[in-house]
Amino acid sequence: MDEPGTVEETAFAKINLALHVRHRRPDGYHALETLFAFAADGDRLTAAPADGLELTVTGPFAAALAGDDPADNLVLRAAVALRDAFGVTAGAALRLDKRLPVASGIGGGSADAAAALRALAALWTLPADDPRLGEIAGRLGADVPACLASRPVRGTARGDVLAPVDEAGLAGMPLLLANPRAPLSTAAVFAGWDGHDRGALAEGDPLAAALAGRNDLEPPARALVPAIDAVLARLGEAAGVRLARMSGSGATCFALFGTTAECAAAARSIADRQPGWWLLETRLR
Ligand code: C5P
């Protein structure tokens, strides 16, 4: 049992329904147009009252972070930034249950950092709508502001300038995530982009815009991890699939389905044929 006052948050997995890379910026980042959506599942973060700030990482993917300095973890960096911004003197014992593969294009550290901001704002009774939370999120990483919202949003600039979209057609859609268990460096995938602007992401209904769109990071990611080809092929041939695409810089790919039965059938069939892949059967939130 967690002690009284413990706050629990899900670090909802981030999906890029489409990701258009338009140009390289002078600051080394890339100008994007992207549609963010979020899975109902993700890593789990708990924050308990404590005197100091500490982080424990558990769960099936904790080993991937074992060699890292905890102070570099975005969860602790978020906690320190929040404490400094609001002059908080209390601490927190943070526990991160790492359930999703790391370096895999579905938010990972960004979603964990955003969950830490939400959890600690609750633990330290800070106003959840204070603009300083968004400012801290933007400093922690380009995807962290979208992960702070964890609702479907359209992102431009580095992916950190957000505009609301109509969620109605997306909420609850059955979603299958598949990863060939090959980590990918986001910076390496962006560096492999060919510099060719393939055009804007459509405005309006997000599902229609996503269906008409693309992920411009698929070619450089596939060049680094050829197994992505097979993941996209398996998802794309599943019965009832509405959209199959890579998320972010990969290697995780996603498929959206019309019904949960179709999503479950695809998950069973892929698990049989590709027992080594990581799969998560969930839905859009
Ligand atoms: O902001 P974040 O630390 O998550 O970004 C990781 C890396 O991804 C950056 O260092 C950069 O190489 C690349 N990136 C980019 N353009 C973006 C977002 C990320 O080039 N819009």
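The values are calculated or read from the model by the stated rules, or taken from the named source; none is laboratory data. Model, not experiment: these values are computed from the prediction. Positions of Cβ are generated from backbone atoms using ideal geometry, with glycine treated the same way; all protein chains shown enter the neighbour counts.
Among the residues of region 222-234, is any within 16 Å of the ligand (Cβ to nearest atom) and outside any helix (DSSP H, G or I)?
no
Please go through region 21-49 and give me each residue that is of a type in the set (G, A, S), surrounded by fewer than 24 Cβ atoms within 10 Å (Cβ to Cβ) and away from the ligand (no atom under 16 Å from the Cβ), ordered by number.
A40, A48
Check off (1) farther than 23 Å from L100 by Cα; (2) not in a loop (DSSP other than H, G, I, E, B) for E167 and give me the number that stays unchecked.
With (1) farther than 23 Å from L100 by Cα; (2) not in a loop (DSSP other than H, G, I, E, B) applied to E167, the lone miss is (2).
Of the residues P183, P219, P131, P174, which single one is buried (at least 22 other Cβ atoms within 10 Å of the Cβ) and not hydrophobic (A, V, I, L, M, F, W, C)?
Values: P183 fails: buried (at least 22 other Cβ atoms within 10 Å of the Cβ); P219 fails: buried (at least 22 other Cβ atoms within 10 Å of the Cβ); P131 fails: buried (at least 22 other Cβ atoms within 10 Å of the Cβ).
Testing whether each residue is buried (at least 22 other Cβ atoms within 10 Å of the Cβ) and not hydrophobic (A, V, I, L, M, F, W, C) leaves just P174.
Which of the residues belonging to region 235-265 are more than 22 Å from the chain's Cα centre (by Cα) and either surrounded by 18 or more Cβ atoms within 10 Å (Cβ to Cβ) or of a type in the set (D, E, K, R) (or both)?
Passing the criteria: E237, A238, E262.
Write out, first by first residue and then by second, each pair whose Cβ atoms fall under 6 Å of each other, whose residues are 6+ apart or on separate chains, and whose first residue, in region 121-142, is in contact (Cβ under 8 Å) with a residue 60 or more places away in the chain while the second is of a type in the set (K, R) and within 15 Å of the ligand (Cβ to nearest atom).
Taking only residues 6 or more apart or on different chains, the pairs are A142/R158.
Please tell me if A18 is within 16 Å of the ligand (Cβ to nearest atom) and either modelled with pLDDT of 95 or more or surrounded by fewer than 24 Cβ atoms within 10 Å (Cβ to Cβ) (or both).
Yes, satisfied.
Cβ-Cβ distance below 6 Å, separation of 6 or more or different chains: which pairs start in region 157-174 with a residue that is without any contact (Cβ under 8 Å) to a residue 12 or more places away in the chain and end on one that is more than 16 Å from the ligand (Cβ to nearest atom)?
none
Any idea which of L211, L177 is under 18 Å from I106 (Cα atoms) and either more than 14 Å from the ligand (Cβ to nearest atom) or assigned to a strand (DSSP E or B) (or both)? Write out each step before concluding.
Details: L211 fails: under 18 Å from I106 (Cα atoms).
Only one candidate qualifies: L177.
Any residue in region 23-34 that is modelled with pLDDT of 95 or more and among the polar types (S, T, N, Q) sitting within a Cβ distance under 8 Å of a residue that is outside any strand (DSSP E or B) and more than 9 Å from the ligand (Cβ to nearest atom)? List the pairs, counting only those 6 or more apart or interchain.
So the pair list comes out as T34/L201.
Show me the strands (runs of 3 or more DSSP E) found entirely inside region 1-120 where at least 2 residues are in the same structural domain as L133 (by TED's automatic domain parsing) and of a type in the set (K, R).
Qualifying strands (runs of 3 or more DSSP E): 7-24.
If E167 satisfies all but one of (1) within 22 Å of D143 (Cβ to Cβ); (2) touching a Pro at 6+ places or on another chain (Cβ under 9 Å); (3) away from the ligand (no atom under 16 Å from the Cβ); (4) at pLDDT 95 or above, what's the number of the condition it fails?
Unmet for E167, out of (1) within 22 Å of D143 (Cβ to Cβ); (2) touching a Pro at 6+ places or on another chain (Cβ under 9 Å); (3) away from the ligand (no atom under 16 Å from the Cβ); (4) at pLDDT 95 or above: (4).
So if I check each of A113, A146, which one is closer than 19 Å to E54 by Cα, within 12 Å of the ligand (Cβ to nearest atom), within 11 Å of the chain's Cα centre (by Cα) and in contact (Cβ under 8 Å) with a residue 12 or more places away in the chain?
Selected residue: A113, the only one of A113, A146 that is closer than 19 Å to E54 by Cα, within 12 Å of the ligand (Cβ to nearest atom), within 11 Å of the chain's Cα centre (by Cα) and in contact (Cβ under 8 Å) with a residue 12 or more places away in the chain.
If you take the residues in region 173-232 that are among the basic types (K, R) and touching a helix residue (DSSP H, G or I) at 6+ places or on another chain (Cβ under 9 Å), which one is nearest to G42 (Cα to Cα)?
Among residues in region 173-232 that are among the basic types (K, R) and touching a helix residue (DSSP H, G or I) at 6+ places or on another chain (Cβ under 9 Å), the one nearest to G42 (Cα to Cα) is R181.
So for region 227-240 (the condition being over 26 Å from V102 (Cβ atoms) and without any contact (Cβ under 8 Å) to a residue 24 or more places away in the chain), does at least one residue qualify?
Checked against the condition, which is being over 26 Å from V102 (Cβ atoms) and without any contact (Cβ under 8 Å) to a residue 24 or more places away in the chain, region 227-240 yields at least one hit.
Being more than 19 Å from S247 (Cα to Cα), surrounded by 14 or more Cβ atoms within 10 Å (Cβ to Cβ) and either of a type outside the set (V, I, T) or within 16 Å of the ligand (Cβ to nearest atom) (or both) is the filter here, so list the residues in region 1-15 that pass it.
Selection gives E8, E9.
Residues are listed down the side, and each one gets a yes or a no for (1) charged (D, E, K, R); (2) closer than 23 Å to T186 by Cα; (3) assigned to a helix (DSSP H, G or I):
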residue	(1), (2), (3)
R245	yes, yes, no
G250	no, yes, no
A255	no, yes, no
A261	no, no, yes
A265	no, no, yes
S269	no, no, yes
L280	no, yes, no
R283	yes, no, no
